[in-house]
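Quick notes on the structure that follows.
The values are calculated or read from the model by the stated rules, or taken from the named source; none is laboratory data. Note that the structure is predicted; figures quoted are calculated from it, not measured. For neighbour counting, all protein chains shown are included, and Cβ atoms are generated from backbone atoms with ideal geometry for every residue, glycine included.
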């Protein structure tokens, strides 16, 4: 057996920033040899704290690609490489000979993953690859309600990059799986926009005949369940706390009339469904310190987490149990504590070493005997990368089902098995539900009744992969755990996504996206300095968990096809959320390395990196990072100091200002508002494959966000809307050989729902 899953795979990285480098880092720590190619001046992000995290486990090679010698050295590397990762748009890639046609002709073994600003076939693909500018141009900065003002909000979390690094890693592994099948490489592109569109799958969708729930979606003013405690500290609470001992005690002190008066004093909004005594909860929680409430709520199995400062999770017991945090001796920074791996596989990922110094491995790499590359032995089949892979999905909510939906997008055959009462989101938030369920067929069974066990066992034998996010004790009770299934199917790959990871005292605790937005520090960081914490309606921790589990599952599939070895792999909200904080680390002094802070008005992190309201009530976003860009910005606006920028821009109209700034070389974008309908009517979205349309059994034609990758010759599978409950029960049972009499008897008893 190989020492690590990607042993023997060589990756050449020509990317800066976060998205491409983090994808390469994750693959390096699964065994790939990653050579980071930098120019003589080095990657500009070496000046940022996050460089130490984003680039560890790699080797550094300095090449001047402006010279013939440098280009020849790169060409030699590519001849023996398996993967190239770069962040250039199609125009710049073509100028450097890194376009798909050129690379495909010269290096047919090579898998090429580019991560530009927009998809390679989008009109904006050559725009600057900066999170804030992409979010502004796409209209996603208008999707978050600010803490204390109207208008769009600067998103402090790098929403584009954290999605794109997982898409890049998963896309590369999917293409490696396809190369095992077809014997040839090819593209596995994604983009910063597609990274940001992952959370928008729960918000941006249309239906011909929407239900009230679908039409409502999840409004910007949906509210949150953040509560302040008596010591001024905040918690995020995700279930009714009324049965916990301390809350019962507080209610008893209030008396029935006091509880009623407190409820009348506080508007619950949409939280009223989950918190029938919302107002009384507010006042009770403000009566005692946070730690007292955490202890009683945790003891009562109520899902809750404290709102922490960024970096506090690096010292969390559960995080350390699961290696979601690692200690690394860095040659520049000393002993550091950094985010670890957001998933587990067998063999597991491990850190190969600290981020390299510039050119550290030049001599070593040039001295190496030329490596034998992958021997091309076929041609493209034209089938999606995961065609033929059979996936059984027991997941609920978002973190489980999104991963299996993405497997379906990549061509897998996915069967969703849900309770006869339906997925927990199916009827309450239908637009959110539909955003993580397309591409699947659906069977509805009562798993708690032993009479349905024969169907479950046949499905377990049918599947190549089982994936879910149920709490594991429940999986054991239902006998859908790994040990139960591997007796039925010894070749099975089984992926479990949890809240807190598979090991440690909190392994079986309940969890939600909101809890890990709180614990990771993003609810404070996203709110701006001095403000109360803010929940982001993007559900990004659920999505990060799903994406981490997708990469883990694909690594397991790749490994099994190479070695024949099945496995149990995992991912978690805790692990995925810690990786989102990778722009900082804990230094030898116990303090966090510097990182940009959002201002209290949620406008930006500096005078040069922020959003501005123009005089015509339209908005722009600017990311002027270099001194040259900053001087150009001041000069184009006509001010001498950054303090004058806001007032000056507030007197100018958006369109002429955009033209002026672009002509001056200032990285700028229009900050668009209300973009969902515009997205679906956009020619650019259409050309880039970002729109999927298909008929739904109840809603008529549905429009949803389309492909999150561009695999070139291997098209995505985007032809099936989310299923209605039990839509395919009968046909699935017929296919797997369930006796018709048994099926009909179960149907009469309501143990199976079919169409």
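Observations on the structure shown:
Conditions tested, residue by residue: (1) in contact with a helix residue (DSSP H, G or I) (Cβ under 7 Å, 6 or more places away or on another chain); (2) under 18 Å from residue 532 (Cα atoms).
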position	(1), (2)
236	yes, yes
265	yes, no
277	yes, no
301	no, no
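- Pairs linking a residue in the stretch 97-110 that is under 19 Å from residue 374 (Cα atoms) to a residue that is in a loop (DSSP other than H, G, I, E, B), with Cβ atoms under 6 Å and 6 or more positions apart or on different chains, are 103/110; 108/184; 108/376; 109/185; 109/373; 109/374; 109/376; 110/185.
- Against the list (1) under 29 Å from the mean Cα position of the chain (by Cα); (2) part of a loop (DSSP other than H, G, I, E, B); (3) surrounded by fewer than 22 Cβ atoms within 10 Å (Cβ to Cβ), the condition residue 332 fails is (1).
- Filtering the stretch 111-142 to residues that are closer than 29 Å to residue 82 by Cβ, outside any loop (DSSP other than H, G, I, E, B) and in contact with a strand residue (DSSP E or B) (Cβ under 6 Å, 6 or more places away or on another chain) leaves 111, 112, 113, 114.
- For the stretch 633-655, the criterion of a residue being in the same structural domain as residue 612 (by TED's automatic domain parsing), within 18 Å of residue 128 (Cα to Cα) and modelled with pLDDT of 95 or more is satisfied by at least one position.
- So residue 491, is it without any contact (Cβ under 8 Å) to a residue 12 or more places away in the chain and either under 27 Å from residue 322 (Cβ atoms) or assigned by TED's automatic domain parsing to the domain that holds residue 298 (or both): no
- Residue match in the stretch 316-329 (condition: touching a residue at least 24 places away in the same chain (Cβ under 8 Å), exposed (fewer than 14 other Cβ atoms within 10 Å of the Cβ) and within 19 Å of residue 507 (Cβ to Cβ)): yes
- Test: residue in the stretch 261-271 that is loosely packed, with under 13 Cβ neighbours inside 10 Å, at pLDDT 95 or above and closer than 22 Å to residue 524 by Cα: no
- Candidates 501, 511, filtered to the one that is assigned to a loop (DSSP other than H, G, I, E, B), on the phi > 0 side of the Ramachandran plot and surrounded by 20 or more Cβ atoms within 10 Å (Cβ to Cβ): 501
- Residue in the stretch 694-702 that is closer than 29 Å to residue 172 by Cβ and under 20 Å from the mean Cα position of the chain (by Cα) present: no
- One residue from 527, 576, 562, 518 being more than 14 Å from the chain's Cα centre (by Cα), within 26 Å of residue 290 (Cα to Cα), in contact (Cβ under 8 Å) with a residue 24 or more places away in the chain and not in a loop (DSSP other than H, G, I, E, B): 518
- Single residue of the stretch 80-94 satisfying the filter (more than 27 Å from the chain's Cα centre (by Cα) and touching a residue at least 40 places away in the same chain (Cβ under 8 Å)) that is surrounded by the most Cβ atoms within 10 Å (Cβ to Cβ): 81
- Helices (runs of 4 or more DSSP H) within the stretch 1-110 that include 3 or more residues at pLDDT below 95 and within 29 Å of residue 338 (Cβ to Cβ): none
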